[in-house]
Amino acid sequence: MHRVLLTAPDDIDGWRASARQLATQGVDPADIVWQVGDAPDDLFGNIDLEQAATPAAFSVPRAFLDLAESAILHRDPQRFALLYALLVQLRARPGLMQDRADPLLRRVAALAKAVRRDIHKMRAFVRFREMKADGASRFVAWFEPDHHIVRANAGFFVRRFASMHWSILTPEISIHWDSQTLSEGPGAQRSDAPDGDPVEALWQGYYAAIFNPARLKTGAMLSEMPKKYWRNLPEAVLIPDLIAGAQAREAVMIARRPTLPKTQDDSAT
C-alpha cells in the first residue's frame, strides 16, 4: 500500500505530482490511500517526492486537467482516488474523455459541475460590509461554501475589488486583500463579520424599487438563490414581503395600464 499526504484539501499541484509518479510506476488505484495533512506513521509507505526519481513524461488531454482542477475542490473524500482511477483508465483509453457514457467520467464530471456552481454562487452572493478600524475602512464578508473553492475564487475578487481593502471569512479559511497583497488566515465564525452597515438601507431601497412582480417566478428564483444564502444577503429580508405582495402589485399595474383609443375603423365594426 502507498499513502500520499497532500498539504491541503485543494492541493491540485501535490495531487498531480503524486498521481504522475504513481501512474508511471503502474501503481493500482486500489493500492493508494490519499490523505490531507499530517498522519501518524503506520504500515503504509509514504510517497516522498523529493527523493523519488523523476517520473517518465506522459501527456493527458487538456480536458482532463480542466476537469481535475474543478473536481479536486469537491468535498467528496473519494475525489483524489476517483481522479487517479480516471487518469489510469485514460492512459489505457486515450479517447475516454469523449465517452460521456463512462460511469467514472460521469461521476467525476458531476463533482466538477457542483464545484463550478459553488464558485458561481460565491461570486454572486458574497456581500461586503464596511468596518472601521483606526479611521480606516475594511470591507468584510462572510460566506459558507459547500466545497474547497475559496483559494480558487480569490483571483476573481482581487480583480473585481482591486482598490478596496477587504476580507472574506469562511469556516475553513479566510482571505485578505490590502489593494496590493493577498494573504490567508485561519477559518472564522460568522460572529467575526459585521451584521450590517449604513449603506445597506440604500441597497435595500434600490432592490425593492427594481423588483418587478410581473416577472416573478418563485421556483426559478429559489433555484438561483437558495434560501441557505439568504441570511448573508441584506436584500433577503425584503424577499418574503415582496413575494407576498407580488400578486397585488401586479393587479395594480395591470389596472393602471393605459388603454389605446379606438380608431375610426374600430368604431365601425
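Odds and ends about this structure:
- Test: residue in segment 111-129 that is assigned to a loop (DSSP other than H, G, I, E, B), out of contact with any strand residue (DSSP E or B) (no Cβ under 9 Å at 6 or more places or on another chain) and small (Gly, Ala, Ser): no
- When segment 171-195 is limited to residues that are in a loop (DSSP other than H, G, I, E, B) and surrounded by 11 or more Cβ atoms within 10 Å (Cβ to Cβ), the one that is modelled with the lowest pLDDT turns out to be 194.
- Filter pass, residue 126 being modelled with pLDDT of 95 or more and not small (Gly, Ala, Ser): no
- Meets criteria (outside any loop (DSSP other than H, G, I, E, B) and under 25 Å from residue 8 (Cα atoms)) for residue 167: yes
- The lone criterion from (1) over 14 Å from the mean Cα position of the chain (by Cα); (2) farther than 21 Å from residue 233 by Cα left unmet by residue 155 is number (1).
- Total residues in segment 121-151 satisfying the condition of being crowded, with 17+ Cβ neighbours inside 10 Å, under 22 Å from residue 225 (Cβ atoms), in contact (Cβ under 8 Å) with a residue 40 or more places away in the chain and under 10 Å from the mean Cα position of the chain (by Cα): the figure is 3.
- When segment 159-170 is filtered for residues that are surrounded by fewer than 15 Cβ atoms within 10 Å (Cβ to Cβ) and not small (Gly, Ala, Ser), the ones remaining, listed by number, are 159, 160.
- Test: residue in segment 8-19 that is modelled with pLDDT under 95, of a type in the set (Asp, Glu), touching a strand residue (DSSP E or B) at 6+ places or on another chain (Cβ under 9 Å) and not in a strand (DSSP E or B): no
The values are calculated or read from the model by the stated rules, or taken from the named source; none is laboratory data. Everything numeric here is computed off the predicted structure, so don't read it as measured data. Every residue, glycine as well, gets a Cβ built from its backbone with ideal geometry; the counts of neighbours run over all protein chains shown.
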